[in-house]
Amino acid sequence: MSVQYHNVVPGGRSFQEYVDIFSLSDEDLNKSILGCGDGPASFNCEMNRMGKSVVSVDPIYELDREMIQKRIDETYLEVLEQTRANKDKFIWKNISSVEELGEIRMSSMSQFLDDFEKGKIQGRYIAGGLPELPFADNSFDLALVSHLLFLYSEQLSFDFHVQAIDELLRVASEVRIFPLVDLNSRKSIHLDEIIGLLVSKGYVVSEEKVNYEFQKGGDTMLKIMHV
């Protein structure tokens, strides 16, 4: 699971973004939660402050704090410039401007960095990634996957999606995935077939609208539950 440093483009999301994109209720926030592919998000840190239970898993946690900080510094302005150059692909409602986006991202990543080493010692940040997770069966009530599956439909195959979702359902009672569009804001080419396959396996599956849209068309999540 060796991480290629030059391929890491950190993009931390905030606690409020997680609440919005996954429609997390107060009841949900009291569950044991796995954040899969969290990167330098502040969700784990902020949840821990509130006494809630979250474990985050991501390949970049193999790196140390200094290397993640260095990569954030190297890519931050580039990411914002790319966003500014493609402003028409985004809905500026939840986030009003590129400048506000930068403030949210940097605040989230700073909180993550301050929490990272302590969180690793406490077992809240685990190096690992799909399609094989380092957890026992039924370890979590809820698994959240933000901006990974379906978003990278051209880069990640249908078989990878199937294996990844099967693995998430092995370790958690419920899985929520956001968004359901690819990087070009088109519905994922894998989505309909994945939903059909999950239903055929006996899972309860629903596509649900959420109170969040930043990427155009990215305003629904997939909820998958064991019967």
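Which pairs do you get when a residue that is at pLDDT 95 or above and in a helix (DSSP H, G or I), found in the stretch 1-29, comes within reach of a residue that is crowded, with 19+ Cβ neighbours inside 10 Å and of a type in the set (Phe, Trp, Tyr), reach meaning Cβ atoms under 6 angstrom, with the pair 6+ apart or on two chains?
Pairs found: 15/43; 18/43; 20/212; 21/178; 21/212.
Could we say that residue 90 is within 27 Å of residue 55 (Cβ to Cβ) and out of contact with any Leu (no Cβ under 6 Å at 6 or more places or on another chain) here? Even if it seems obvious, please write down each step before you answer.
Values: within 27 Å of residue 55 (Cβ to Cβ): no; out of contact with any Leu (no Cβ under 6 Å at 6 or more places or on another chain): yes.
No; evaluated as a whole, the condition is false for this residue.
Has the stretch 140-152 got at least one residue that is farther than 24 Å from residue 17 by Cβ, touching a residue at least 40 places away in the same chain (Cβ under 8 Å) and part of a loop (DSSP other than H, G, I, E, B)?
No, because not a single residue in the stretch 140-152 is farther than 24 Å from residue 17 by Cβ, touching a residue at least 40 places away in the same chain (Cβ under 8 Å) and part of a loop (DSSP other than H, G, I, E, B).
Go through the residues of the stretch 52-67 one by one and say whether even a single one is without any contact (Cβ under 8 Å) to a residue 24 or more places away in the chain, touching a Ser or Thr at 6+ places or on another chain (Cβ under 8 Å) and outside any loop (DSSP other than H, G, I, E, B).
No, the stretch 52-67 contains no residue that is without any contact (Cβ under 8 Å) to a residue 24 or more places away in the chain, touching a Ser or Thr at 6+ places or on another chain (Cβ under 8 Å) and outside any loop (DSSP other than H, G, I, E, B).
Being of a type in the set (A, V, I, L, M), in contact with a Leu (Cβ under 8 Å, 6 or more places away or on another chain) and over 17 Å from residue 22 (Cβ atoms) narrows it down to one residue among 224, 189, 195; which is it?
None of the other options fit; the residue is 195.
Could you check residue 197 against (1) farther than 16 Å from residue 146 by Cα; (2) surrounded by fewer than 16 Cβ atoms within 10 Å (Cβ to Cβ) and say which number it fails?
(2)
Quick one: in the stretch 84-125, of everything that is part of a loop (DSSP other than H, G, I, E, B) and among the hydrophobic types (A, V, I, L, M, F, W, C), which residue is modelled with the lowest pLDDT?
Once the filter is applied, the top-ranked residue is 95.
Of 114, 141, which residue is over 25 Å from residue 68 (Cα atoms) and more than 16 Å from the chain's Cα centre (by Cα)?
Details: 114 fails: over 25 Å from residue 68 (Cα atoms).
Just a single option satisfies the conditions, and that option is 141.
Return the total of residues in the stretch 195-211 being of a type in the set (S, T, N, Q) and within 13 Å of residue 176 (Cβ to Cβ).
So the count comes out to 1.
Of all residues being touching a residue at least 40 places away in the same chain (Cβ under 8 Å) and within 18 Å of the chain's Cα centre (by Cα) in the stretch 91-105, which is nearest to residue 63 (Cα to Cα)? Just the residue, please.
Checked the stretch 91-105; the qualifying residue nearest to residue 63 (Cα to Cα) is 105.
Residues are listed down the side, and each one gets a yes or a no for (1) in contact with a Lys or Arg (Cβ under 6 Å, 6 or more places away or on another chain); (2) among the β-branched types (Val, Ile, Thr); (3) assigned to a helix (DSSP H, G or I); (4) closer than 21 Å to residue 94 by Cα:
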residue	(1), (2), (3), (4)
184	no, no, no, yes
192	no, no, yes, no
198	no, no, yes, no
206	yes, no, no, no
217	no, no, no, yes
221	yes, no, no, yes
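Can you pull out every residue in the stretch 155-181 that is farther than 18 Å from residue 23 by Cβ and of a type in the set (Val, Ile, Thr)?
Matches in the stretch 155-181: 162, 165, 171.
What pairs come out if I take residues in the stretch 190-204 that are closer than 17 Å to residue 153 by Cα and pair them with residues that are assigned to a loop (DSSP other than H, G, I, E, B) whose C-beta lies under 7 Å away, six or more apart or interchain?
Sorted first by the residue in the stretch 190-204, then by its partner, the pairs are 190/150; 190/153; 191/150; 191/180.
Return the total of residues in the stretch 77-90 being surrounded by 16 or more Cβ atoms within 10 Å (Cβ to Cβ) and aliphatic (A, V, I, L, M).
2
The values are calculated or read from the model by the stated rules, or taken from the named source; none is laboratory data. Note that the coordinates shown come from a computational prediction; the quantities given were computed from them, not determined experimentally. Please note: Cβ atoms are built from the backbone with ideal geometry, for glycine as well, and neighbour counts cover all protein chains shown.
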